[in-house]
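*Asks:* Pasting in a structure now, in structure tokens, and then I'll have a few things to ask.
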Amino acid sequence: MKKLFFLILTATSVAYSADVTLKEPPKTLSKYYPPSSNKMEFLNSMYAMSTAFTGMFTNIQENDWKNAEKWASILKENYLNIGKLVPEFDKGLKKNEINALVEAVKSKDMEKIKFNADAVGKSCMQCHQNYQVSTKIIYHYPSFEMINIEDPVSRTTLEFHNYMKKTADSMKKMRVYLEDGKFDKAQKEGNDFVKRVKGLSQSCNECHNNKLSVEIYQGKELEEKLNLLTKALQSKNKDEVYKTVSWISANNCSKCHNTHQTIAEIKEKFNK
């Protein structure tokens, strides 16, 4: 029984590995993701195959061979369907082994079940190592390139990257003017920074669209800090300006960047 339990863990954990390779998936795969398709045919077949693996071994463990056969057939159907959906993946499929696995379940041959399940599972793992992370980034992660924001300072519509650059420039120029003793210019740039930080909510609302998430990322606490920044600039209190900007950077800017920026940059490189 312990040996069988180990086999189940091995077969149902094929998606995980210590090595991560960001290899661009075949272009054919794009047919099964938005905007080309909303049916998620490829992903549904993958989920069905994973569930069938678990169903087959669960029933073997419970000595329910009839249902084990049923799930083995479902596994085979969805496994072979991968090659039909994406021909580039077809050559990596262990077709003899998936057929032998179904027959082994029918004959209740545990040695052959283990041997062929391992072979099929390793083929899944190899593909996942190459493509799973990159596929998630390309087809599941939202694209910031599609976002346009109205700049509250210039009243023009800017692409997301340009908007973020102007926001960062306002903050850096504010610091420069403060150190140069040009307080009027520092106040102007600081006020522009405040307006642009508040305007960022335009880009967040499509995903962060419930009251709780809005309160966390664009709520009263941030508004209070931005108001403190405005007052500190008016009173020419450099220490308070830096203290408040540091809080905003650590509690808003950095958290969003750490969540989104790295993956967004990888996605852009794949799309070039």
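The values are calculated or read from the model by the stated rules, or taken from the named source; none is laboratory data. Note that the coordinates shown come from a computational prediction; the quantities given were computed from them, not determined experimentally. In this analysis, Cβ positions are derived from the backbone assuming ideal geometry, glycine residues included, and neighbour counts consider all displayed protein chains.
*Asks:* Quick test of your reading of the structure: K166 fulfils all but one of (1) modelled with pLDDT of 95 or more; (2) outside any helix (DSSP H, G or I); (3) not assigned by TED's automatic domain parsing to the domain that holds L43. Name the failing condition by number.
*Replies:* (2)
*Asks:* Another question, if that's okay. Take K76 and decide whether it is closer than 26 Å to M40 by Cα and either assigned to a strand (DSSP E or B) or free of Cβ contacts under 8 Å to residues at least 24 places away in the same chain (or both).
*Replies:* No.
*Asks:* On to the next question. I'm trying to understand the selection: among the residues of region 30-63, which are more than 22 Å from the chain's Cα centre (by Cα) and assigned to a loop (DSSP other than H, G, I, E, B)?
*Replies:* E62, N63
*Asks:* Still on this structure: Would you mind stating whether K173 is crowded, with 16+ Cβ neighbours inside 10 Å and either on the phi > 0 side of the Ramachandran plot or in contact (Cβ under 8 Å) with a residue 40 or more places away in the chain (or both)?
*Replies:* no
*Asks:* Could you check, for region 200-208, whether at least one of its residues is among the aliphatic types (A, V, I, L, M) and either exposed (fewer than 15 other Cβ atoms within 10 Å of the Cβ) or modelled with pLDDT under 95 (or both)? Reasoning before the result, please.
*Replies:* First, the residues of region 200-208 that are among the aliphatic types (A, V, I, L, M): 200.
Filter once more, keeping what is either exposed (fewer than 15 other Cβ atoms within 10 Å of the Cβ) or modelled with pLDDT under 95 (or both): 200.
Yes, region 200-208 contains a residue that is among the aliphatic types (A, V, I, L, M) and either exposed (fewer than 15 other Cβ atoms within 10 Å of the Cβ) or modelled with pLDDT under 95 (or both).
*Asks:* Take T259 and decide whether it is under 25 Å from N271 (Cβ atoms) and among the β-branched types (V, I, T).
*Replies:* When the stated conditions are applied, T259 passes them.
*Asks:* In the set E97, E88, which member is assigned to a helix (DSSP H, G or I) and either surrounded by fewer than 16 Cβ atoms within 10 Å (Cβ to Cβ) or not assigned by TED's automatic domain parsing to the domain that holds P35 (or both)?
*Replies:* Testing whether each residue is assigned to a helix (DSSP H, G or I) and either surrounded by fewer than 16 Cβ atoms within 10 Å (Cβ to Cβ) or not assigned by TED's automatic domain parsing to the domain that holds P35 (or both) leaves just E88.
*Asks:* Just to verify a result, which residue in region 209-241, among those that are hydroxyl-bearing (S, T, Y) and surrounded by 15 or more Cβ atoms within 10 Å (Cβ to Cβ), is farthest from the chain's Cα centre (by Cα)?
*Replies:* Per the stated criteria, the residue is T230.
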